[in-house]
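A.B. asks: Sharing a structure below in structure tokens format, with a few things to ask.
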Amino acid sequence: MSRSSVFAPGVSKPRMRSALRVLFLAAEADPFLKVGGLGDVAGSLPPVIRRLGADIRLALPLHGGLRSKGFALQLLCKLELSIASGALPLEVYTLDGGELPVYFIAGEFIAPDAPVYTSDPQADGFKYTFFSLAALELCRYLNWPPDVLHVNDWHTAPAIYALSRNRAKGSFFAETGSVLGLNNLPYLGHGAENALAFFGLPAAKTESLPDWARQLPLPLGILTADRLVAVSPGYAAEILTPEFGAGLQGLLQSRRDRLTGILNGLDLQLWNPQTDPHLRQPYSPADLSLRQANKAALQMEMGLQVDARRLLLAIVSRMDYQKGIDLLPEALRRLVERAEELDRNWQIVILGAGDPLLEAAMHRLEVDFPHQARVVTRFDLALSHRIYAGADLLLIPSRYEPCGMTQMIAMRYGCVPLARATGGLRDTVRDIQQSADSTGFLFKQAAPPDLTGAVKRALRVYQNQAVWRALQLRGMRQDFSWQHSAQEYLKLYQELRDGRR
């Protein structure tokens, strides 16, 4: 076993490289384990960047449940991570085959039966700090100093903080630049303070951070990363404000020259209505009339009246306050109170799980609107595909949305998005009243009256099927592939490497 520390002294020799080297760290990645949007990013972006010529490699914790999914893991090495109190053993596994090298790290703090995220913030703090530093130790074992260390959110931000504290000493990582991806700023890593101290990462001594943030992983990563990347241009601008800055807007404003926004992409093979095996009837923009069979099938599946004339609304979302799900009950009641007949001509299908109180509020809609509302409170990927392919209008009332993929999926499937004008939603959805190249509907305030007003607008537009069909087709023809985003990341990596040298 290696007893070398993560950052051994000594300047490495100049080296010739055939490709830019990138180590990509994340808490989750599809298809291994996926909980949220980060899993989509980490599963889709690195392979596309690798096809562009970079030697990018992905490292993940060996979470509980991964072994049971049937992946053929091979032990690569056994190492030790040196800390002040001794050495911690760790193991690294890989997969045979595949275009992208993927490393799975196991060790004392990565419990073999634990989920990706637990309800114990201190345990998660130890797990992810251990993983972050172990990933750097793996680079030393491989004799593979990356040009760029790309980490995501608070879970892997300790790797950047550790890098910044040691590379100035002329370490193995002397030329390694760092990129911190900001997928959801308010999750700062509260509960990880003891873990950082245990692994020898002290609180920052700087006035740039407020006192409460000086030993939290994400603020420390923001303080010390070479580049910061929000997952949409809109979110990059929003986090500079008190409303969205999570108390760090001052620090972010001071580093705005290092901050950029790169819109996430979409896996176009996974989300393709022409080849989707979950659909009753495949279709494309060239034969959009075939889509109606999926609407009828969804109405039948959910026990709703089969009626092409009714606007079929949908929500596919986590049940979370951030997602604005709590706005829906009052918004729907406002829609029918003293309403014209047109404003009652809708149905809604809701799919999602999360906050028990929000789940209960959604189920009450089935009581309030027994002939119009159906709710499924579970994770069901196949059903989500059928909803995107069958619903007419997808509601996305988020209070904030760093990027969002559901609106991109909806457009690709001809399901018109209706979203709050925030973050990546505003970057990707163009309102029918504001753009000749419109793709959906936007509303300003996260409030029931604004949501109601937007749905009323959609109900009226839906009466003109020629206009509605044009909306659908413009959405389906948007290019949300990862290719453009990957090229922007590759350019950023190259600039960072050249700057470090």
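A.B. asks: From R374, R334, grab the single residue that is in contact with a helix residue (DSSP H, G or I) (Cβ under 6 Å, 6 or more places away or on another chain), closer than 26 Å to Y462 by Cα, in contact (Cβ under 8 Å) with a residue 40 or more places away in the chain and not small (G, A, S).
C.D. replies: None of the others qualify; the one that does is R334.
A.B. asks: Does R280 count as over 19 Å from M405 (Cα atoms), outside the structural domain of N464 (by TED's automatic domain parsing), modelled with pLDDT of 95 or more and not hydroxyl-bearing (S, T, Y)?
C.D. replies: yes
A.B. asks: Hey, does the range 474-491 have a residue that's of a type outside the set (D, E), touching a Pro at 6+ places or on another chain (Cβ under 7 Å) and closer than 23 Å to D276 by Cβ?
C.D. replies: yes
A.B. asks: Enumerate the pairs (first residue in the range 19-31 and farther than 15 Å from R51 by Cα; second residue anywhere and of a type in the set (F, W, Y)) with beta-carbon separation below 7 Å, excluding pairs fewer than 6 apart on the same chain, so at least 6 apart or on different chains.
C.D. replies: Going by the 7 Å Cβ cut-off, the qualifying pairs are A27/Y128.
A.B. asks: Then there's this: Take A382 and tell me if it is free of Cβ contacts under 8 Å to residues at least 24 places away in the same chain and either over 21 Å from L442 (Cβ atoms) or surrounded by 21 or more Cβ atoms within 10 Å (Cβ to Cβ) (or both).
C.D. replies: So A382 fails the test.
A.B. asks: Sticking with this structure for a sec: Being out of contact with any helix residue (DSSP H, G or I) (no Cβ under 8 Å at 6 or more places or on another chain), within 27 Å of G404 (Cα to Cα) and assigned by TED's automatic domain parsing to the domain that holds V92 narrows it down to one of S132, S171, S119, S178, so name that one.
C.D. replies: S119
Okay, residues lined up against (1) free of Cβ contacts under 8 Å to residues at least 40 places away in the same chain; (2) assigned by TED's automatic domain parsing to the domain that holds K323; (3) not basic (K, R):
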| position | (1), (2), (3) |
| --- | --- |
| R430 | yes, yes, no |
| Q434 | yes, yes, yes |
| G440 | yes, yes, yes |
| Q445 | yes, yes, yes |
| D450 | yes, yes, yes |
| G453 | yes, yes, yes |
| R457 | yes, yes, no |
| Q463 | no, yes, yes |
| V467 | yes, yes, yes |
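A.B. asks: Can you pull out the residues in the range 56-92 that are closer than 13 Å to G107 by Cα and outside any strand (DSSP E or B)?
C.D. replies: L62, H63, G64
A.B. asks: Under 8 Å between Cβ atoms, which residue pairs at least 6 apart in sequence (or on different chains) link something in the range 484-501 that is among the acidic types (D, E) with a partner that is outside any helix (DSSP H, G or I)?
C.D. replies: Between residues of the range 484-501 that are among the acidic types (D, E) and residues that are outside any helix (DSSP H, G or I), the close pairs are E488/I262.
A.B. asks: Say whether the condition of being out of contact with any helix residue (DSSP H, G or I) (no Cβ under 7 Å at 6 or more places or on another chain) and among the polar types (S, T, N, Q) is met by at least one residue in the range 233-248.
C.D. replies: No.
A.B. asks: Could you look through the range 252-269, keep only residues that are out of contact with any Phe, Trp or Tyr (no Cβ under 9 Å at 6 or more places or on another chain) and surrounded by fewer than 20 Cβ atoms within 10 Å (Cβ to Cβ), and pick out the one that is nearest to M476 (Cα to Cα)?
C.D. replies: The extreme case among them is Q269.
A.B. asks: So, one more: What are the residues in the range 401-459 that are over 20 Å from G390 (Cβ atoms) and among the charged types (D, E, K, R), if any?
C.D. replies: E401, R420, R426, D427, R430, D431, D437, K444, D450, K456, R457
A.B. asks: Residues that are under 29 Å from G177 (Cβ atoms), in contact with a Pro (Cβ under 7 Å, 6 or more places away or on another chain) and not hydroxyl-bearing (S, T, Y): does the range 426-443 have at least one?
C.D. replies: yes
A.B. asks: Next up: Please specify each residue of the range 104-157 satisfying the condition of being among the β-branched types (V, I, T) and touching a residue at least 24 places away in the same chain (Cβ under 8 Å).
C.D. replies: Within the range 104-157, I105, I110, V116, T129, V148, V151, T156 meet the criteria.
A.B. asks: Exactly one of these conditions fails for Y93: (1) under 18 Å from L196 (Cα atoms); (2) surrounded by 16 or more Cβ atoms within 10 Å (Cβ to Cβ). Give me its number.
C.D. replies: If we test Y93 against (1) under 18 Å from L196 (Cα atoms); (2) surrounded by 16 or more Cβ atoms within 10 Å (Cβ to Cβ), just (1) comes out false.
A.B. asks: A follow-up question, please. Residues of the range 485-501 being surrounded by 14 or more Cβ atoms within 10 Å (Cβ to Cβ) and either within 21 Å of the chain's Cα centre (by Cα) or closer than 24 Å to L266 by Cβ (or both), which ones?
C.D. replies: S485, A486, Q487, E488, Y489, L490, L492, Y493 - these are the residues of the range 485-501 that are surrounded by 14 or more Cβ atoms within 10 Å (Cβ to Cβ) and either within 21 Å of the chain's Cα centre (by Cα) or closer than 24 Å to L266 by Cβ (or both).
A.B. asks: I'd like to verify a number: residues in the range 228-242 that are under 17 Å from W154 (Cβ atoms) and not in a loop (DSSP other than H, G, I, E, B), how many?
C.D. replies: Looking only at that region, the number is 4.
This table checks each residue for (1) surrounded by 23 or more Cβ atoms within 10 Å (Cβ to Cβ); (2) at positive phi; (3) more than 17 Å from the chain's Cα centre (by Cα).
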| residue | (1), (2), (3) |
| --- | --- |
| A19 | no, no, yes |
| P46 | yes, no, no |
| I56 | yes, no, yes |
| G65 | no, yes, yes |
| A72 | no, no, yes |
| K78 | no, no, yes |
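A.B. asks: In the range 366-380, is there at least one residue being part of a helix (DSSP H, G or I) and among the small types (G, A, S)?
C.D. replies: no
The values are calculated or read from the model by the stated rules, or taken from the named source; none is laboratory data. All figures in this text were calculated on a predicted structure; none of them were measured in a lab. Counting neighbours? That spans all protein chains shown, and the Cβs are built from the backbone with ideal geometry, glycine included.
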